[in-house]
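For reference, the structure is listed below as structure tokens.
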Amino acid sequence: MPNLPVAAEIGSGPNPDEPLSIIVAAVLILLIAMGTLIFNIWFERKQVARVQDRLGPNRVGPWGIFQTIADVLKLLTKEIIIPSQIDRLTYWLAPVLAVGAVIMIWAVVPLSPVAIGSDLNVGALYFISISSLGAVGVLAAGWGSNNKYALLGGLRVIAQMVSYEVPLMLSLLVPVMLAGSLSMQDIVDAQGAMWYFILAPVACLIFTTAGQAEVARAPFDLIEGESEIVAGHHIEYSGLAFAMFYLAEWLHSFTLSALCVTLFFGGWQGPFAVEVPALGLLWFFLKTYAGYFILNWLRYTVPRVRIDHMMSFNWKFLTPIALVVLVMTATLEKLWPALFPVDPGRPGFIQSLPRAGILFLANLVLVGVVIMILRQVARRERQRVEDLVDEGQYSAPAPMPEPVEV
Amino acid sequence: MPINLETIAFTLFAAMCVGGGLGVAVLRNLFHAALSLLLALFGAAGLFVLLSAPFLAMVQILVYMGAIAILILFVIMLTQQVIVPEPYNRQWVLGALAALVALGALFMVIAQLGGGDAPYLQPQPLAPEVSDSGIAALGSDLVDPGRYLVPFEVAGLLLTVALVGAISIARED
């Protein structure tokens, strides 16, 4: 890739003394984000079709691969219907904010040892703060549309995003702590010997779950519960304006996978990635698409959760576990070098085994304790319902009627 | 002042701050006023970046824009009267006087510190190529008993008390 601003050492982004390299990097990041999206939409539609036992797009080009391009052309030429009673400024600001907040995250995702939009030394914090801006776009859409369903959808999103940001942030701190840096490139760099998924599997699962809720995709897609609030905040948008929200959501989902890979699955790390940076790009995208596949699989398999379940799942389950994982990892990370002094410098695979083993075991113990507590809670809940039924305060649902033979 | 990337960025962010602040004060539509508050806060975050404080800039975006401004927008969405018929009241003369006095005081402080030629008033390099020693130093200072451990813990305690208080007020029973 001759156009990428190539830096001499691992981890640097574009040269700040060369304004042109900044612009080139920015445009390339934008093109990568948008270019993959065209492919991703086809990829996901094909996958959901297989999950639902359909064929999916299969008319435009081989395996329907050009379907998205046809769809984009259709959306570009479609009339944008603008309701008359909208708040113009807010209405038009919303799609821009929604897309902008997602694309800005790509600035700190390390694509290969030499290709990163900007290797900020606060990269992880940048990701969290930028993704919290996406909520503003949704709010603006909900309010600017002057539609009660849009407003309700907007309110739901904020409740959901603000809540799930807490476990997202707490679980993000675990890889930051393990790497000892907030820079995304440093975090990937530190995973040369061992992926952080081994060291912090629970944090990875919490990050993915909270991220899925942050992206507002199934099973957390309450913002567009069709039967309750129609399409949620983007109900009054059509044509290209609607496409912007669509684009933001799908890109955000892919971005979540890219961030998971960066933080927990070694990013661009892979055989010969340091020697041949282009290979790093290949590993990164292979891992990201594998993650994207799993997230989509989850999305099309699990039904939507109820809003109170979603909230209590976050505050009573994810957040406490994330806090425990954080404290546990911090304690072990401090205790471990004190008990068994390690030689400084980059550890190899063998040298990093003891540390990984201890952290992995601690995570396993935590999972065991959590499952035990969950069993207790479930047993008490069953007992409570049985008592209610015995007292006659609550009647068990009537059995389903027998299916009628035709 | 030389025209370079930093100057352009500074002008842009300063304009965002001032314009956003003005918008908060004069816009009749509360929702628009809150959006311009977001703009002003974003400009301030940009200024922090120019001042080589990226951590502070990110915290500014995360806390002020991602949490507080969203809370304000949330509350406005639930209010009945979003359009304020008259954003000015009879105290505007007093307010303008207070603003002028504050501005004068600021100018005097800056002039005493050495005017526009002072080294720290010169534009700082954009996103400096430093290690994250600044963040590391901040982190260790916050848990250093000789530095900011006590204020940090007291602030944490205060926030916890506020949180518990808010929940106990909001509880229905």
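Place a label point 7 angstrom from the Cα of A:TRP336 along the Cα-to-Cβ direction, then list the residues of segment A:163-182 whose backbone nitrogen is under 18 Å away. Residues A:171-182 fall inside that zone.
Legend: mean number of C-beta atoms from other chains within 10 angstrom of residue C-beta atoms, peptide B:35-48, equals 1.
Taking other C-beta atoms within 10 Å as the exposure proxy, A:ILE321, A:ILE69, A:ILE371 rank A:ILE371, A:ILE69, A:ILE321 from fewest upward. For segment A:290-406, the Cα gyration tensor yields ellipsoid semi-axes of 45, 22, 13 Å (square root of five times each eigenvalue, largest first, whole Å).
Under the classification rounded if a/c is under 1.5, otherwise prolate if a/b is larger than b/c and oblate if not, where does chain A fall, given a ≥ b ≥ c as square roots of the Cα gyration tensor eigenvalues? Taking the square roots of the gyration eigenvalues as a ≥ b ≥ c, chain A is oblate. Residues A:MET34, A:MET328, A:MET184, ranked from the fewest to the most other C-beta atoms within 10 Å, line up as A:MET34, A:MET328, A:MET184.
The simple Förster model, with R0 at 25 Å and r as the Cβ-Cβ distance, assigns B:ILE3 and B:ALA98 a FRET efficiency of 0.10. Peptide B:64-74 is shielded by partner chain Cβ atoms: per residue, an average of 5 of them sit within 10 Å of its Cβ. Shielding of peptide A:135-148 by partners, expressed as the average count of other chain Cβ atoms within 10 Å per residue Cβ, is 3.
Placing dummy labels 7 Å off each Cα toward the beta-carbon, the span from B:ARG147 to B:ILE169 is 3.4 nm.
Among A:GLN191, A:GLN383, A:GLN160, the largest mean-square fluctuation in a Gaussian network model of chain A (Cα springs under 10 Å) belongs to A:GLN383. Rg and Dmax of segment A:9-136, based on Cα coordinates, read 18.7, 56 Å.
Segment A:46-67 to segment A:110-137: how many Å between their Cα centroids? Cα centroid of segment A:46-67 versus Cα centroid of segment A:110-137: 33 Å apart. Separation of segment A:376-402 and segment B:60-95 by C-alpha centroid, Å? Centre-to-centre (Cα) distance: 48 Å. Between the listed residues A:TYR126, A:PHE66, A:GLY280, the Cα displaced farthest toward the positive end of the dipole of chain A, a dipole computed from Cβ unit charges relative to the Cα centre, is found at A:PHE66. Under the simplified labelling scheme, the B:LEU78-A:MET177 pair shows an inter-label distance of 3.3 nm, with each label point 7 Å from Cα along Cα→Cβ. In chain A, helices alone account for a calculated mean residue ellipticity at 222 nm of -22000 deg cm²/dmol, with every DSSP H run of four or more residues adding -39,500 (n - 2.57). In terms of its C-alpha gyration tensor, segment A:240-340 has an oblate overall shape, because the principal axis ratio a/c (a ≥ b ≥ c, square roots of the eigenvalues) is not below 1.5 and a/b does not outweigh b/c. Going from the fewest other Cβ atoms within 10 Å to the most, the residues B:GLU172, A:GLU79 appear in the order B:GLU172, A:GLU79. Here r is the Cβ-Cβ distance between A:TYR394 and A:MET372 and R0 is 25 Å; the resulting FRET efficiency, rounded to 0.05, is 0.35. In this simple spin-label model, placing a label point 7 Å from the Cα along the Cα-to-Cβ direction at both B:VAL109 and A:ARG88 gives a separation of 4.1 nm.
None of the figures in this text is laboratory data; all of them are computed from the coordinates on show. Note that the structure is predicted; figures quoted are calculated from it, not measured. Positions of Cβ are backbone-derived with ideal geometry, glycine not excepted, and every protein chain shown enters the neighbour counts.
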